């Protein structure tokens, strides 16, 4: 299995070079990281701090095979949105951490 930095390299690669299994791995890695962010935040902000996001991640997990088999432009769009969500969550955690430390 690839490391987290590896999937960013895969995502920036030519999507036609990735087979369905590789695409599944990329999606699973991103979703796993988003789930980790939610789980860490749940520990500090209540058991279900992000209920809509948790439901979304469950839906994505259930659809990984379909997402991996999507045409190139659709797959790229989904990955772009997931990475944007990841960036937003990381930025949100950073801003909350900075606020707490002051």
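The values are calculated or read from the model by the stated rules, or taken from the named source; none is laboratory data. Owing to the predicted nature of the structure, the values given are computational and were not obtained by experimental measurement. Positions of Cβ are backbone-derived with ideal geometry, glycine not excepted, and every protein chain shown enters the neighbour counts.
With the requirement that a residue be surrounded by fewer than 16 Cβ atoms within 10 Å (Cβ to Cβ) and not in a helix (DSSP H, G or I), what does the range 68-96 give you?
Across the range 68-96, the qualifying residues are 69, 71.
Quick one: in the range 13-30, which of the residues that are in contact with a helix residue (DSSP H, G or I) (Cβ under 8 Å, 6 or more places away or on another chain) and either loosely packed, with under 11 Cβ neighbours inside 10 Å or assigned to a loop (DSSP other than H, G, I, E, B) (or both) is modelled with the lowest pLDDT? Even if it seems obvious, please write down each step before you answer.
Within the range 13-30, the first condition is being in contact with a helix residue (DSSP H, G or I) (Cβ under 8 Å, 6 or more places away or on another chain), and the residues that meet it are 15-16, 18, 20-30.
Within this subset, residues satisfying the condition of being either loosely packed, with under 11 Cβ neighbours inside 10 Å or assigned to a loop (DSSP other than H, G, I, E, B) (or both) are 16, 18, 21.
Working: 16: 73, 18: 87, 21: 92.
Filtering the range 13-30 for residues that are in contact with a helix residue (DSSP H, G or I) (Cβ under 8 Å, 6 or more places away or on another chain) and either loosely packed, with under 11 Cβ neighbours inside 10 Å or assigned to a loop (DSSP other than H, G, I, E, B) (or both), the one modelled with the lowest pLDDT comes out as 16.
So residue 53 ticks every box in (1) surrounded by 11 or more Cβ atoms within 10 Å (Cβ to Cβ); (2) at pLDDT 90 or above but one. Which box is left unticked?
(2)
What pairs come up if the first residue lies in the range 72-95 and is over 16 Å from residue 22 (Cα atoms), the second is outside any helix (DSSP H, G or I), and their beta carbons are under 9 Å apart, counting only those six or more places apart or on different chains?
Every condition considered, the pairs that remain are 77/70; 89/50.
What are the residues in the range 67-90 that are closer than 21 Å to residue 40 by Cβ and at pLDDT 90 or above, if any?
Applying the first criterion (closer than 21 Å to residue 40 by Cβ) to the range 67-90 yields 82-90.
Listed by number, the residues that qualify are 82, 83, 84, 85, 86, 87, 88.
Rundown of residues vs (1) closer than 20 Å to residue 87 by Cβ; (2) modelled with pLDDT of 90 or more; (3) not in a helix (DSSP H, G or I), yes/no style:
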{"position": "7", "(1), (2), (3)": "yes, no, no"}
{"position": "11", "(1), (2), (3)": "yes, no, no"}
{"position": "32", "(1), (2), (3)": "yes, yes, no"}
{"position": "37", "(1), (2), (3)": "yes, no, no"}
{"position": "43", "(1), (2), (3)": "no, no, no"}
{"position": "48", "(1), (2), (3)": "no, no, yes"}
{"position": "65", "(1), (2), (3)": "no, yes, no"}
